[in-house]
Amino acid sequence: MRRPLIPLPSWLPVDGYVLALVGTVGLAALLPARGPAATVADGASTGAVALLFFLYGARLSTREAMDGLRHWRLHLTVLACTFVLFPLLGLAARGLVPYVLPPALYTGLLFLCLVPSTVQSSIAFTSIARGNVAAAICAGSFSSIVGIVVTPLLAALVLDGDGGGFSSDSLVSIVCQLLLPFLAGQLLRRWIGGFLIRRKKVLGYVDRGSVLFVVYSAFSAGMVQGIWHQISPLRLLCLVGVEAVLLTVMLTFTSYGSKKLGFNRGDRIAITFAGSKKSLAAGLPMASVLFGAQAGLAVLPLMVFHQMQLMVCAVLSKRYAAQADADTGADTGAGSDSDASDGDAEVRMKVEAGGSGGAVGGEEARSADVVAVSGPRG
């Protein structure tokens, strides 16, 4: 998981990056960019978005992602959760407008459902839970690559008329600010990839700093236009409740659904974490392109969901790890009991004369079954 910008006590269940985002929102509320400063901030935000996606393309190993195609069932399952089930749940939530959510927040909730899955935290949680880390890496990479194209296309389909403002100008902005820089990074990766990997820590700060600047620009425009007066504290609480239900449904579906599909334990863990999470780093720049001045409210549901998924998945990953330890201990104990039973059987065979051949075969078979059960788990 990415290192927080602000060192935090281990007991504090808040991501430091989220605190930095909240601080940036507060700065935009107190000192929004106006007039010529707003023009400069808007231009710098556009450049920051292009830089972000150029770096994404330059650092993403397409070859490694393609190597994971042999596990195509898992990747299709994650993609279906990310780009099919999530959007369907977002569309179903339209019935909450205007009674539970105002239209502006619902648009942000719907956009949240279109964003690709996150990579870093999915890998980290899968590793903690003793899941298939390689599958989590490939699934996150596939989702990021597909999301560059699919998220804007889905936005064009479902956000039209919901405040998304998707138009031919938006399409041009997406191509120029997202797709072309990403492709340029991929083309130049052969020459600059090693340089970027060696400076991963520094570029991490560039990534997060760029996202913070995009957030400041978006929320500043919202403050200047007075859009924040549309949202009451009660509506924000309703948003938190709706997103809690959304996360619960996705975690439940990915966990039990992957089990029904016959995936092993390691793959189920990777599907659970990769299929139920959304990328803040990818979603915020996309929102600034799609929504413009309305991006402030549009990204608020994504920011809330990001913090919620980190807290819930941190607890869930530790439970998976504890369950794995318990299963390993139980298997070890079962093997010891079987060895003792085998010893008792051998003593009985030496005491009893004849008629014991079947007992020997039965004990050997049972011992072999225990060894098979106590072997490595996915």
From the list Lys277, Lys259, pick out the single residue that is outside any helix (DSSP H, G or I) and within 25 Å of Tyr320 (Cα to Cα). Lys277
Given the residues Ala287, Ala221, which is the only one that is within 20 Å of the chain's Cα centre (by Cα) and surrounded by 15 or more Cβ atoms within 10 Å (Cβ to Cβ)? Ala287
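Any idea which of Arg199, Arg130 is out of contact with any helix residue (DSSP H, G or I) (no Cβ under 7 Å at 6 or more places or on another chain) and modelled with pLDDT of 85 or more?
Arg199
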Read through the list (1) surrounded by fewer than 17 Cβ atoms within 10 Å (Cβ to Cβ); (2) over 23 Å from Leu297 (Cα atoms); (3) basic (Lys, Arg); (4) modelled with pLDDT of 75 or more, then give the number of the only condition that Arg70 fails. (4)
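For the range 223-246, state whether one or more residues are in contact with a Ser or Thr (Cβ under 9 Å, 6 or more places away or on another chain) and assigned to a helix (DSSP H, G or I).
Checking the range 223-246: not a single residue is in contact with a Ser or Thr (Cβ under 9 Å, 6 or more places away or on another chain) and assigned to a helix (DSSP H, G or I).
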Among the residues of the range 262-281, write down those that are open to solvent by 10 Å² or more (accessible area, probe 1.4 Å) and among the hydroxyl-bearing types (Ser, Thr, Tyr). Ser279
Any chance Ala155 is assigned to a helix (DSSP H, G or I), farther than 19 Å from Gln186 by Cβ, of a type in the set (A, V, I, L, M, F, W, C) and open to solvent by 20 Å² or more (accessible area, probe 1.4 Å): no
Kindly evaluate Ile174 against the criterion of being in contact (Cβ under 8 Å) with a residue 24 or more places away in the chain, open to solvent by 20 Å² or more (accessible area, probe 1.4 Å), out of contact with any Ser or Thr (no Cβ under 6 Å at 6 or more places or on another chain) and among the hydrophobic types (A, V, I, L, M, F, W, C). no
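Going by the structure shown, is Leu30 within 18 Å of the chain's Cα centre (by Cα), free of Cβ contacts under 8 Å to residues at least 40 places away in the same chain and surrounded by fewer than 20 Cβ atoms within 10 Å (Cβ to Cβ)?
In short, no.
Residue by residue, here is whether (1) over 17 Å from Leu251 (Cβ atoms); (2) of a type in the set (A, V, I, L, M); (3) crowded, with 22+ Cβ neighbours inside 10 Å holds:
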| site | (1), (2), (3) |
| --- | --- |
| Val84 | no, yes, no |
| Tyr99 | yes, no, no |
| Phe125 | no, no, yes |
| Gly131 | no, no, yes |
| Ala136 | no, yes, yes |
| Thr151 | yes, no, yes |
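Taking the options Gly90, Gly43, Gly95, Gly57, name whichever one is of a type in the set (Gly, Ala, Ser), open to solvent by less than 10 Å² (accessible area, probe 1.4 Å), part of a helix (DSSP H, G or I) and at pLDDT 85 or above. Steps first, answer last, please.
Details: Gly43 fails: open to solvent by less than 10 Å² (accessible area, probe 1.4 Å); Gly95 fails: open to solvent by less than 10 Å² (accessible area, probe 1.4 Å); Gly57 fails: at pLDDT 85 or above.
Only one candidate passes the filter, namely Gly90.
The values are calculated or read from the model by the stated rules, or taken from the named source; none is laboratory data. Source: prediction; values computed, not measured. Because the Cβ atoms are built from the backbone with ideal geometry, glycine has one as well, and the counts that use them run over all protein chains shown. SASA here: full protein model, heavy atoms, side chains in, ligands and nucleic acids out. Shrake-Rupley method; radii C 1.70, N 1.55, O 1.52, S 1.80 Å.
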